[in-house]
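Novice: Structure in structure tokens, see below.
Where a number appears in this text, it was derived from the coordinates with a stated rule and is not lab data. Please read all numbers here as calculations on a predicted model, not as lab measurements. When we count neighbours, we look across all protein chains shown, and the Cβ atoms used for this are built from the backbone with ideal geometry, even at glycine.
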Amino acid sequence: MSLVDVDFAFWFPVVFGIYWLLPRKASYQNTLLLGFSYLFYFSWNPRLLPVLLLATAVDYGVSEYLATHVAPSADDSSAEAAGRRRARRYALILSLIYNLGALAYFKYAGFFAESLNRQLAALGFHASLPVLQVVLPLGISFYTLQKLGYIFDVYRGRLEPCRSLLVFTTFVAFFPQLIAGPISRGSQLIPQLAAPRQLRERQLVEGASSFLLGYVMKALVADTIGPTLVDPVFSQPAAYGPAAHWLALVGYAVQVFADFGGYSFLAIGCARFLGIELPVNFDYPYLSKSLPEFWRRWHITLNRWLFDYIYDPLVAGSGWWRGRFDAGLLLVFLTSGLWHGARVTFLVWGAMHGTGMIVHRHWDEFYRSLCRRDRAYVERRRSVPYRTMAWALTQFFFLVALIPFRAGSWGVVQTFSAGLLVGGQGFPTITQAAARVSVIVSFAFVAGYYLVKLPRFEGWWARFQALPAPIRGAVYGLVAVWLLLFVPLNATTFIYRQF
Amino acid sequence: MRPSLTVALAAILTFLGTDRLFNRIAPPIVLREVEDGIRQFDGSDPEVLVLGSSHARTWVAVGDSLAARTGGTQQLVAVPLEYGKETSYNWVFRHRLLPIIDQRIGTEARGRGKLARFVLLTEWWDTCPFEHGRPSFNLPARAWRWEDFLPDFLYHGLTDYNRNFLQQRWRRMWRWSALVWDRGQDRILPALKRLAVGEDTSANRANEAARDRTWQHDIERGRHCIWDPGQVAGLREILDSLKRLPIEVTLVIMPRKPATLTPLGIDSTLVPFADSLGALARAYGYAFVNMTTGSPMANGDWLFDNDHMNANGNRRFAAWALDHDLAYLLSPAVAPETRAGPTTGDP
């Protein structure tokens, strides 16, 4: 079941209705949420629900252990304190081994076996490792990071351990975010789940807005642009000309944003209907004027996770990594690439962004040195040409890096990249007039979504909000009519669900 | 009133208003489905039961005409299963029809029901396997009940297959809405275009010619897939089950739009299929009626899809068929002895 499937339209009103009919007690609300969340997961694959249950049980056990074995104070150097520190470290390692082991088994075992087989064959050894064909449990990449973040926070004393099994299991399995994030922090979600939720009009309105935005993004924009402009060219790059390649690349940038951003808006909207706030995951990334800014705006919860739990502890720690910012950046983005999937092309994508971040860091340091020498450089950096150039470079880099992200193999990366400059004559044809209209409307919608965030146009949205309520309602009603007429019939799977 | 409530109310009213408008421009066409046929069968005691693909919808007109001609003594219920296929008919027959038939005339209540005739409408397409190994999506969508869906869901979770059941339930919940019902039918936008710029007759003619060619090719290609063993096994299971029932059984092939037929299609697909089906019917001792090319139906009697007769075509077909090949339906059936098995060998 996905948040735009018709079964969700059957299911969510039932959840919503029962949830708000229950007495406003956290235990009742969480029991219901947990039951429906497990049913939601069960609906995807009944046989893999135990994987989620076991993963939750292990981390609840570790959390309980850490709760009952409180960390001694930093200046306590007694043998008993050292023993307790060691025991807590073992508990953390147990959680790491289980979570990363499960991720490695389900997600990467096949990839590593295949890679090793290729290397062995290249060296002349023909004894190959068996390649495991296992089903990837839905959402494992998301809930694993969510649980690990919680365990890290509890271990470091940044977060009080959650002692309630019900709250903890609901935190792990909360259905709107279970399969594709946003990746919540324990400090944000657990207190909300521990307290009873109240039905608030403002939250309902914001939930409806977010859900509608997400639905338009996914069902109209992503599902229109992907099959019409992107998929044909990436599946047969040699048959299409450069214009088709560039359009497919820009189209994919729009599609992947609308697809994953759309999912995040849907999840946030759903959670708001249930009185829960999930973290923002996308903040107008295509307005970014540098790569670091881009990664603060795109898949925010994943990048914060990677920087908080990998980059910061390494470069601010005490080992070899201390102060090695470039190596830290490269590691973070290689990890991000690997997190997205067990494919060399994802690693290439990660390496490109890691390198881009390093180049930017050095450029930034160099430019700051110029600023220190001459204050005119500060003004220059604020000028429209500089900002425009910075924006164009950032977006161009992101676009180019999307090629290995989208391409299924290294061969497609090469053919597609060459096709941006020279190649065939083909151009995707859209036979149905309604689909042509939808493509134009989809691009216009995303452009409009970004435009109203720009200073020059930001008053537009406020002006719309100031219109009389019946007129605004009529506009929303017409949007619903438009969606029913133009949204493609068969919704495709969310791109990030497969990660 | 609170602004957010006003916004919601205005949105709903705008949606409903637009929907009403579209209802006038392109009224939803709610087709008869398996559950409509089953409901009618369950709530009445007809003499004739018809199972077939979407073509069985034409038999509603046959039923009306039959009732009118016999003064209501001969009632007919048609159960249409979209997309056909013998294995799907077999499922519907076993899971939905046979339990009711058994209550009426089966071993438990022999002689209490009026059901005396069973008509199986089938054609070459029904004996071809599902394309690309895909399962019959129309079966869960159009023939399942909740008690069929739930065990499947509990075993497999929600799949692309069983989700069709929910999708169809969802659509039928909204059958009052032109906008929701139009999803997948795409009638509103062309109707709006016609209103705006008028009918493009030359384009319509070109489209019709292209559709004719597509159908001709499809029928010609049918020779490669007809009489698939899996589908024929499904057909045989139905025929075997019918043997123990004291009812008259007829296998019927419906007429085809003349423009979709080519000599190659007739000789390589339609005739071999009809020969095989006729031989099978004879083997079981059942009646066989082949109307593929023998009816007076003209191209104008078919809908734009080239596959189904239009309202006028339905009436013309009913009138003609009850005068000719289906005239036997006008008189009461003579219950045959329960058959022991096929009277001849395999065709």
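Novice: Give me D for the stretch A:199-300 in µm² s⁻¹, whole number, from Stokes-Einstein with Rh from the Kirkwood sum over alpha-carbon pairs, 20 °C and 1.002 mPa s.
Specialist: On the way: Rh = 14.8 Å.
Approximately 145 µm²/s, per Stokes-Einstein.
Novice: Then there's this: For a Förster distance of 60 Å, can you work out the FRET efficiency between the beta-carbons of B:D45 and A:Q188, rounded to the nearest 0.05? Walk me through the numbers on the way to the answer.
Specialist: Values: r = 65 Å, r/R0 = 1.08.
Efficiency, from the Cβ-Cβ distance: 0.40.
Novice: In square nanometres and to one decimal, what's the mean projected area of the convex hull around the Cα atoms of the stretch A:6-197?
Specialist: 14.8
Novice: Also, quick follow-up: If I take R0 = 45 Å and measure r between the Cβ atoms of B:S276 and A:A434 in this structure, what FRET efficiency does the formula 1/(1 + (r/R0)^6) give, to the nearest 0.05?
Specialist: Working from the Cβ atoms, E equals 0.60.
Novice: Identify the trypsin sites (Lys or Arg not before Pro) of the stretch A:334-398 meeting these criteria: DSSP loop state and at most 11 other C-beta atoms within 10 Å of the C-beta.
Specialist: Within the stretch A:334-398, the qualifying trypsin sites (Lys or Arg not before Pro) (loop, at most 11 other Cβ atoms within 10 Å) are A:R375.
Novice: Just to be sure I understand the curve: with the Debye formula and one point per C-alpha of the protein assembly as shown, what is log10 I(q)/I(0) at q = 0.05, 0.07, 0.09 Å⁻¹?
Specialist: The Cα Debye sum returns log10 ratios of -0.38, -0.72, -1.08.
Novice: Which FRET efficiency, nearest 0.05, do A:R387 and A:R304 yield, Cβ-Cβ r, R0 30 Å?
Specialist: Calculated transfer efficiency: 0.75.
Novice: Right, something else. For the stretch A:140-236, which trypsin sites (Lys or Arg not before Pro) are in a loop by DSSP, counting at most 14 other Cβ atoms within 10 Å? List each step's numbers first, then the result.
Specialist: On the way: sites: A:K147, A:R156, A:R158, A:R163, A:R185, A:R197, A:R200, A:R202, A:K218; in loops: A:R156, A:R158, A:R163, A:R185, A:R197, A:R200.
Passing both the DSSP loop test and the Cβ count: A:R156, A:R158, A:R163, A:R200.
Novice: Under the 0.36 nm per residue contour assumption, what length would be gained going from the current alpha-carbon distance of B:R213 and B:L16 to full extension?
Specialist: Values: separation 197, 0.36 × 197 = 70.92 nm, distance 4.05 nm.
Stretched out fully, the B:R213 to B:L16 stretch lengthens by 66.9 nm.
Novice: Just to be sure I understand the model, the point goes 7 Å from the Cα along the line to the Cβ. What's the resulting B:R94 to B:T73 distance in nm?
Specialist: About 3.8 nm, to one decimal.
Novice: Spin-label point model (7 Å from Cα, Cβ direction): what's the B:A319 to B:R205 distance in nm?
Specialist: Distance between label points: 2.9 nm.
Novice: Report, by chain and number, residues whose modeled amide H sits under 5 Å from the one on B:V249, excluding near sequence neighbours (fewer than 5 apart, same chain).
Specialist: Those qualifying (amide H under 5 Å, at least 5 residues apart or on another chain) are B:F118, B:A287.
Novice: Next question, about the same structure. List every residue whose amide H lies under 5 Å from the amide H of B:W302, counting only residues 5 or more places away in sequence or on a different chain, with H placed 1.01 Å from N in the peptide plane.
Specialist: B:N310
Novice: Viscosity 0.890 mPa s, temperature 25 °C: Stokes-Einstein D of chain A from its Kirkwood Cα radius, in µm² per second?
Specialist: Answer from the Stokes-Einstein relation: 98 µm²/s.
Novice: Let me ask something else. Please list, or write none, the lysines whose alpha carbon is within less than 29 Å of the alpha carbon of A:K147, excluding same-chain residues fewer than 8 places away.
Specialist: Hits, sequence-local ones excluded: A:K25, A:K107, A:K218.
Novice: In square nanometres and to one decimal, what's the mean projected area of the convex hull around the Cα atoms of chain B? List each step's numbers first, then the result.
Specialist: Values: hull surface 88.8 nm².
With every direction weighted equally, the projected area is 22.2 nm².
Novice: Could you pull out the GluC sites (Glu not before Pro) across the stretch B:49-118 that fall in loop regions by DSSP (anything but H, G, I, E, B) with no more than 15 other Cβ atoms inside 10 Å?
Specialist: Filter output for the stretch B:49-118: B:E108.
Novice: If you don't mind, there's one more thing I want to ask. Please give, to one decimal in nm, the separation of the simple spin-label points placed at A:A444 and A:R202, each 7 Å out from Cα toward the Cβ.
Specialist: Going from the A:A444 label point to the A:R202 one covers 3.4 nm.
Novice: Something else about it: Two decimals, Cα atoms only, Kirkwood Rh: what is Rg/Rh over the stretch A:310-373? Don't skip to the answer; put the middle values down first.
Specialist: On the way: Rg = 13.7 Å, Rh = 12.6 Å.
Using only Cα positions, Rg/Rh for the stretch A:310-373 is 1.09.
Novice: Next question, about the same structure. Give a residue-ordered list of calculated ³J(HN,Hα) values for the stretch A:309-323 (Karplus: 6.51 cos²θ - 1.76 cosθ + 1.60, θ = phi - 60°; whole Hz; x for Gly, Pro).
Specialist: Result, rounded to whole Hz: 10, 10, 5, 4, x, 6, 6, 9, x, 10, x, 4, 6, 3, x.
Novice: At q = 0.15 Å⁻¹, what log₁₀ I(q)/I(0) does a Debye calculation on the Cα points of the stretch A:203-486 give, no solvent, two decimals?
Specialist: Ignoring solvent entirely, the Cα scatterers give -1.31.
Novice: Let me ask something else about it. Return the subset of A:K289/A:K453; B:K114/B:K243; B:K193/B:K257 for which the Cα-Cα distance in this structure is over 19 Å, preserving the input order.
Specialist: On the way: A:K289/A:K453 14 Å; B:K114/B:K243 17 Å; B:K193/B:K257 28 Å.
From A:K289/A:K453; B:K114/B:K243; B:K193/B:K257, over 19 Å: B:K193/B:K257.
Novice: Which whole-Hz ³J(HN,Hα) couplings does the stretch B:43-59 yield from phi under the Karplus relation 6.51 cos²θ - 1.76 cosθ + 1.60, θ = phi - 60°, glycine and proline marked x?
Specialist: x, 9, 9, x, 7, 10, 10, 10, 10, x, 7, 4, 5, 5, 5, 4, 6
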